[in-house]
2 protein chains.
Amino acid sequence: MSYVKDIICWKSGASVTDGTPAICEPGDFPEVHYDLSRLAKEFDRDKLSHGPSSLWRYWPLLPVDDPDNAATLGEGWTPIVQTPALGKALGSPQLVIKDEGRNPSGTFKDRGACVAATRLRELGIKTIVHNSSGNAGGAWGMYAKRAGLNCVNLLPNDVLPASLCQSVYSGADTILLDGEWKHSGPMVAEAVQKMGWFNVGTFKEPHRLEGKKTMGLEIAEQLGWTLPDVIVYPTGGGLGAVAIYKAFRELMTLGWLPKGPLPKLIVTQYAGCAPVVKAFEAGVDHADLWEDLDVPPGGLKSTRPPGDQALLKIIKETNGAAISVTTEDAIAATTQAIDLEGLFPCPEVGTSIEGLRKALAQGMVTSDEKALIMSTGSGLKSVPVFPTPKFRTVEAGGSLSP
Amino acid sequence: MSYVKDIICWKSGASVTDGTPAICEPGDFPEVHYDLSRLAKEFDRDKLSHGPSSLWRYWPLLPVDDPDNAATLGEGWTPIVQTPALGKALGSPQLVIKDEGRNPSGTFKDRGACVAATRLRELGIKTIVHNSSGNAGGAWGMYAKRAGLNCVNLLPNDVLPASLCQSVYSGADTILLDGEWKHSGPMVAEAVQKMGWFNVGTFKEPHRLEGKKTMGLEIAEQLGWTLPDVIVYPTGGGLGAVAIYKAFRELMTLGWLPKGPLPKLIVTQYAGCAPVVKAFEAGVDHADLWEDLDVPPGGLKSTRPPGDQALLKIIKETNGAAISVTTEDAIAATTQAIDLEGLFPCPEVGTSIEGLRKALAQGMVTSDEKALIMSTGSGLKSVPVFPTPKFRTVEAGGSLSP
């Protein structure tokens, strides 16, 4: 049933055999190509609305033999929420936010884990391994269980309790790294060599990218087959943003989206781990290792983002930008958004809220452009990162009057 | 646009003026009635599938003047997840779980808060107040903000950090009760008298019930306009379960569901707060005040459930039951479900998982009956309640091999 044509390295063009260890060089990655002309003949865009309220409505654009094989918890098809009050405060009155916190484990990581776990089960893979700052670890624990795969999660020792619980209770072999996070990638590579496990780390295999691509498919469909002018994305390894733009390009090739300029991509990072911002500001086409990691527990810990080259290329092509935001400003922007809209995003999203504010101030984005912020996760994943909340206390029988 | 005919007290039949303080006696509650014969003529069931992927697809069965007024974050339309491994372990092979943790604040409370906040804004209400063990407090904070209402949340002093953050950061006046929780209701009543605030406590007004009713509407639509044989529901005040059965009855009256027996209702409570179970076992039609509250932080803290009489009536009519489960067994059942299915429910749901196991063992439910457990909230709301997770630690450069 699959429309997959081949899998090739994005840069070198080398052919990749599905389910085998990655052969693409660092900075390169395996990418799935589809037979889009056959797909356009056999499948009509308007059929989508009869599909499930999950990312599986897009099965013809996913790399699985049969959507009935889906290891599903009902992921994706997250809402785009109107945010006029926050938009007004930022100076971007048409602002909307796509709430990825509504996925099963609470973040967008579920999309990649779900599609990849489904495909890896089809391929007969037994054990997967990767390093994750936490959210992908939670998602992979849950979806590996759903697909019947063994899961080994290497997590940092400041991993947030929510992700740790998801990983441990879903039965993943959960390992905390007692040391600097930049050592985690090589340790996974060594385990892959020694144990024969399958590496599902960022850009190491092609299927997570395909799962995350559904964010872009949903943006287009939910906006009535149009695109926003600007997408603001909190960026670690770069997989999510690269995936969204792959979706837009496939939709244009299919004729499901009118051909036209792609949205400006504004990627945002914490100032304490901003390798993409540093590369963007230096005008170079790749990012170097970020030595001094200083970010709060949670995501955006990628010290050597494997998607750097693809990401910087999209930023350049779309006249976008990469912007860094201090931890303090990101958290303040997050609590401001909660107070203005009643949404409850995680602090990583605050880099994009504050980043959009900066982009508007610097004229990179204008107030008449329609901006969409990707709220990559729920604040429920990051409760300990929020400032101590202020409340009143009353004794039994006391008055509630202010 | 509304199909509302009138609002009357469930038991006494006294007429209620919308937006005024409750006049129904304790044990009674205001209930919305619709002009279902007009609705059946003007609106076709099959139109629903063209509506939004949220509870607002059911606007003709909601008590608002105009669905465009919705104070929405995209709530409801949560998935029903297949759970064959857990079903097999429990002896209920057709078991499914509806995942209410996928709502914006992480629990089913969003449904009631969303619809009620929308309606109260239409009515010009300015400030709402209620007592909540935490989840409704988080939901009301977010939806009051969304609707532009002032919100006063009285919460217990063991409220979980996630709910506390949602309440405080969404701008609710957040008050912790330093004393026994059974005093909270009278304190809210006194504040209503003195300050003129609107009480949105459980069963105090009719709109939360209508919002929660959408759980029942979704169950019917998502199961292809059929019902399961058994519904298992973790029960505090009783609003959710009563609402689900109101939905089923309205659908049968409309002719959207075939007339027939309603699902057996199995309500479950922690053994440390089981007033409904005590009443069920004693064969009486109402619950007494539960004096010695002993439950973990989170929901199911209702010491005098205001829906007791309606709930016990449904249990009797459907040949159902009320079952209590120790905290220890509920938490163990929750972690078992995570380990078997990759779902991540809150421990309150564990009362229903373990409760179903007990119901099967006692012959109240049989293995050939199709059971549906309502997973009322996400484990992300309750991270501190889970047992300390077990993991391995490795040093930088160390081996990941077991």
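If B:T174 satisfies all but one of (1) more than 23 Å from B:D308 (Cα to Cα); (2) at the interface with chain A (Cβ under 7 Å from one of its Cβ atoms); (3) out of contact with any strand residue (DSSP E or B) (no Cβ under 6 Å at 6 or more places or on another chain), what's the number of the condition it fails?
It is condition (3) that B:T174 fails.
Filter the stretch A:82-92 for residues that are out of contact with any Leu (no Cβ under 7 Å at 6 or more places or on another chain) and under 29 Å from A:S54 (Cα atoms); which is nearest to the other protein chains (Cβ to nearest Cβ)?
Narrowing the stretch A:82-92 to residues out of contact with any Leu (no Cβ under 7 Å at 6 or more places or on another chain): A:82, A:84, A:88.
Now drop any that are not under 29 Å from A:S54 (Cα atoms), which leaves A:82, A:84.
Numbers: A:Q82: 8, A:P84: 11 Å.
Of everything passing the filter in the stretch A:82-92, A:Q82 is nearest to the other protein chains (Cβ to nearest Cβ).
Which strands (runs of 3 or more DSSP E) sit wholly inside the stretch A:113-202 and have at least 3 residues that are β-branched (V, I, T) and closer than 30 Å to A:W56 by Cβ?
Details: elements: A:127-131, A:150-156, A:173-178.
Here the list reads A:127-131.
When only residues in the stretch A:248-262 that are touching a residue at least 40 places away in the same chain (Cβ under 8 Å) and in contact with a helix residue (DSSP H, G or I) (Cβ under 8 Å, 6 or more places away or on another chain) count, which is nearest to A:L62 (Cα to Cα)? I'd like the intermediate steps shown before the answer.
Within the stretch A:248-262, the first condition is being touching a residue at least 40 places away in the same chain (Cβ under 8 Å), and the residues that meet it are A:250, A:253-256, A:261-262.
From the residues that got through so far, the ones that are in contact with a helix residue (DSSP H, G or I) (Cβ under 8 Å, 6 or more places away or on another chain) too are A:250, A:253-256, A:262.
Values: A:E250: 12, A:T253: 16, A:L254: 14, A:G255: 18, A:W256: 16, A:L262: 22 Å.
So, considering only residues that are touching a residue at least 40 places away in the same chain (Cβ under 8 Å) and in contact with a helix residue (DSSP H, G or I) (Cβ under 8 Å, 6 or more places away or on another chain), the one nearest to A:L62 (Cα to Cα) is A:E250.
Considering the stretch A:361-402 alone, what residues qualify as being closer than 30 Å to A:K213 by Cα, of a type in the set (S, T, N, Q) and within 9 Å of chain B (Cβ to nearest Cβ)?
Answer for the stretch A:361-402, where residues must be closer than 30 Å to A:K213 by Cα, of a type in the set (S, T, N, Q) and within 9 Å of chain B (Cβ to nearest Cβ): just A:S378.
Name every residue in the stretch A:249-264 that is in a loop (DSSP other than H, G, I, E, B) and not basic (K, R), in order of residue number. Lay out the reasoning, then the answer.
Initial filter on the stretch A:249-264 (in a loop (DSSP other than H, G, I, E, B)): A:255-263.
Of everything in the stretch A:249-264, those that are in a loop (DSSP other than H, G, I, E, B) and not basic (K, R) turn out to be A:G255, A:W256, A:L257, A:P258, A:G260, A:P261, A:L262, A:P263.
Does B:S105 satisfy being assigned to a loop (DSSP other than H, G, I, E, B) and modelled with pLDDT under 95? Can you show your working first?
Numbers: assigned to a loop (DSSP other than H, G, I, E, B): yes; modelled with pLDDT under 95: no.
The answer is no for B:S105.
Identify the single condition in (1) open to solvent by less than 20 Å² (accessible area, probe 1.4 Å); (2) assigned to a helix (DSSP H, G or I) that A:V267 does not satisfy, given that it satisfies every other one.
Among (1) open to solvent by less than 20 Å² (accessible area, probe 1.4 Å); (2) assigned to a helix (DSSP H, G or I), A:V267 violates only (2).
Would it be correct to say that B:G298 is touching a Cys at 6+ places or on another chain (Cβ under 8 Å), open to solvent by less than 10 Å² (accessible area, probe 1.4 Å) and farther than 20 Å from B:C114 by Cα? Talk me through it step by step, then tell me what you get.
Values: touching a Cys at 6+ places or on another chain (Cβ under 8 Å): yes; open to solvent by less than 10 Å² (accessible area, probe 1.4 Å): yes; farther than 20 Å from B:C114 by Cα: yes.
Here the answer is yes, as B:G298 does meet what is asked.
Of the residues in the stretch A:133-149, how many are open to solvent by 10 Å² or more (accessible area, probe 1.4 Å) and more than 10 Å from chain B (Cβ to nearest Cβ)?
Here is the first cut: in the stretch A:133-149, the ones open to solvent by 10 Å² or more (accessible area, probe 1.4 Å) are A:133, A:135, A:145-146, A:148-149.
Those still in the list that are more than 10 Å from chain B (Cβ to nearest Cβ) too: A:133, A:135, A:149.
Qualifying residue count for the region: 3.
Is there a residue in the stretch B:186-206 that is open to solvent by 10 Å² or more (accessible area, probe 1.4 Å) and either closer than 25 Å to B:E369 by Cα or of a type in the set (D, E) (or both)?
yes
Let's see how each residue does on (1) out of contact with any Asp or Glu (no Cβ under 7 Å at 6 or more places or on another chain); (2) under 28 Å from B:L380 (Cβ atoms); (3) within 14 Å of chain B (Cβ to nearest Cβ):
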position: A:D329; (1), (2), (3): no, yes, no
position: A:T334; (1), (2), (3): yes, yes, yes
position: A:A337; (1), (2), (3): yes, yes, yes
position: A:L340; (1), (2), (3): yes, yes, yes
position: A:A359; (1), (2), (3): yes, no, no
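Are any residues in the stretch B:84-109 open to solvent by less than 40 Å² (accessible area, probe 1.4 Å) and closer than 23 Å to B:A162 by Cβ, and if so, which ones?
B:I97, B:K98, B:D99, B:E100, B:G101, B:R102, B:N103, B:P104, B:S105, B:G106, B:T107, B:F108
Out of B:G272, B:G260, B:G236, I need the residue that is more than 14 Å from chain A (Cβ to nearest Cβ), more than 23 Å from B:Y3 (Cβ to Cβ) and under 13 Å from the mean Cα position of the chain (by Cα). Which one? Walk me through how you get there before you give the answer.
On the way: B:G272 fails: under 13 Å from the mean Cα position of the chain (by Cα); B:G260 fails: under 13 Å from the mean Cα position of the chain (by Cα).
None of the others qualify; the one that does is B:G236.
Just to be sure before I move on: is A:G272 farther than 25 Å from B:V394 by Cβ, touching an Asp or Glu at 6+ places or on another chain (Cβ under 8 Å) and open to solvent by less than 20 Å² (accessible area, probe 1.4 Å) in the structure I sent? Please lay out each step first, then the result.
Details: farther than 25 Å from B:V394 by Cβ: no; touching an Asp or Glu at 6+ places or on another chain (Cβ under 8 Å): yes; open to solvent by less than 20 Å² (accessible area, probe 1.4 Å): yes.
When the stated conditions are applied, A:G272 does not pass them.
From the set of residues in the stretch B:150-171 that are surrounded by fewer than 22 Cβ atoms within 10 Å (Cβ to Cβ) and touching a Lys or Arg at 6+ places or on another chain (Cβ under 8 Å), which is nearest to the other protein chains (Cβ to nearest Cβ)?
B:G171
Sort through A:H183, A:H207 and tell me the only one that's more than 11 Å from chain B (Cβ to nearest Cβ) and not basic (K, R).
On the way: A:H183 fails: more than 11 Å from chain B (Cβ to nearest Cβ).
Only one candidate passes the filter, namely A:H207.
Does the stretch A:197-211 include one or more residues that are within 18 Å of the chain's Cα centre (by Cα) and hydroxyl-bearing (S, T, Y)?
Yes, the stretch A:197-211 has at least one match.
Do we have any residue at all in the stretch A:113-124 that's under 27 Å from A:P384 (Cβ atoms) and either more than 9 Å from every other protein chain (Cβ to nearest Cβ) or at pLDDT 95 or above (or both)? Write out each step before concluding.
Start the filter on the stretch A:113-124 by keeping residues that are under 27 Å from A:P384 (Cβ atoms), which leaves A:113-114.
Going one step further and asking which of them are either more than 9 Å from every other protein chain (Cβ to nearest Cβ) or at pLDDT 95 or above (or both), we end up with A:113-114.
Checking the stretch A:113-124: at least one residue is under 27 Å from A:P384 (Cβ atoms) and either more than 9 Å from every other protein chain (Cβ to nearest Cβ) or at pLDDT 95 or above (or both).
On the given criteria, is B:A113 open to solvent by 10 Å² or more (accessible area, probe 1.4 Å) and in contact (Cβ under 8 Å) with a residue 60 or more places away in the chain?
no
Is it fair to say A:T226 is open to solvent by 10 Å² or more (accessible area, probe 1.4 Å), among the hydroxyl-bearing types (S, T, Y) and either more than 9 Å from chain B (Cβ to nearest Cβ) or in a helix (DSSP H, G or I) (or both)? I'd like the intermediate steps shown before the answer.
On the way: open to solvent by 10 Å² or more (accessible area, probe 1.4 Å): yes; among the hydroxyl-bearing types (S, T, Y): yes; either more than 9 Å from chain B (Cβ to nearest Cβ) or in a helix (DSSP H, G or I) (or both): yes.
In short, yes.
Taking the stretch B:47-83 on its own, how many of its residues are open to solvent by less than 10 Å² (accessible area, probe 1.4 Å), part of a loop (DSSP other than H, G, I, E, B) and aliphatic (A, V, I, L, M)?
So the answer is 4.
Closer than 30 Å to A:P347 by Cα and not hydroxyl-bearing (S, T, Y), is that true of A:P60?
No: the conditions fail for A:P60.
Does the stretch B:301-329 hold any residues that are open to solvent by less than 60 Å² (accessible area, probe 1.4 Å) and of a type in the set (K, R), and which are they?
B:K301
The values are calculated or read from the model by the stated rules, or taken from the named source; none is laboratory data. What you see is a predicted model; the values in this text were computed from it and never measured. Using ideal geometry, Cβ is built from the backbone for each residue, glycine included, and neighbour counts are taken over all protein chains shown. Ligands, DNA and RNA are excluded from the accessible area calculation, which covers all protein heavy atoms including side chains. Shrake-Rupley method; radii C 1.70, N 1.55, O 1.52, S 1.80 Å.
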